[in-house]
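Notes for the one structure printed next.
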Amino acid sequence: MEKINEIVGNDLDNVLLSDLIVEGYYDYFEITNCVINKCDFSKSNLQGIDISDTRISFSNFSNIDLSSRSYKNVLFDDCNLVGIDFNSSFLENVTFNKCNLSYCNFSGCNLKNIKFVDCKLDDGSFNEIKWKSLEFNNCSMESVEFIHTKLKDIDLSSCKIKDLRVPINELKGLIVSYDQALSLSLLLGIKIK
């Protein structure tokens, strides 16, 4: 991989980034119409970055703070996003495909047309989110938090769920499989013989 300490210029537009280690601090930065492939951002500070109309594949954004920013029309494909922090961000038309998002933080986010497909979301936090069209397909969701988040019409029936942290009153309207319903009954204090 080629190592770079800083990206020259204020923005990236219509650029291919491949096989790079990106380091440095980026206070305000826009990535638009780009393809990012096999890049490591885990040693950089991207707190001031906005991303739109971009495909990101096989890249490492682990433990990166992307809070309070905007992400539109982005595909994260097979990326390492362990510990990523999207707290209080706006995400629209974003798909996470085959990503490891364990320990992710989406708390306080505004999510519109978001898809998680074949992702690992274990120990993730989705507290106090506002959403419109939120999909979870075939995801691992162990010990995920949904505090102060309405789950009505969210379908988790294809996901592996265990030890969800959600208040009882917010389960109303959640779509689950028969087996999942049995495990969720423990939240209600129901004993099944």
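Does the stretch 1-113 come out rounded, prolate or oblate by the C-alpha gyration tensor, with a ≥ b ≥ c the root eigenvalues, rounded set by a/c under 1.5 and, if not, prolate when a/b is larger than b/c and oblate if not? Because its axes are fairly even, with a/c under 1.5, the stretch 1-113 counts as rounded. The value given for the stretch 85-193 is a Kirkwood hydrodynamic radius of 13.9 Å, derived from the mean inverse Cα-Cα separation. Placing unit charges on the Cβ atoms only, positive for Lys and Arg and negative for Asp and Glu, gives the chain a dipole magnitude near 960 debye about its Cα centre. Here the calculated FRET efficiency for H148 and S18, from their Cβ-Cβ distance with R0 = 25 Å, stands at 0.05, rounded to the nearest 0.05. Taking 7 Å steps out from each Cα toward its Cβ at Y28 and R55 produces label points 3.1 nm apart. Helix content alone sets the calculated 222 nm mean residue ellipticity of the chain: runs of n ≥ 4 DSSP H residues at -39500 (n - 2.57) each, divided across all residues, give -1000 deg cm²/dmol.
Only one item in [x] 1.02; [y] 1.10; [z] 0.94 matches Rg/Rh (Cα atoms, Kirkwood Rh) derived from the coordinates shown, and that item is [x]. Looking at this model, which pairs from K115/K162; K38/K120; K38/K132; K115/K172; K72/K98 are more than 28 angstrom apart at the alpha-carbon? Result: K38/K132 exceed 28 Å.
The numbers here are math on the coordinates, done by the rules we state, and not lab data. What you see is a predicted model, and the numbers here were worked out from it, not measured in a lab. Every residue, glycine as well, gets a Cβ built from its backbone with ideal geometry; the counts of neighbours run over all protein chains shown.
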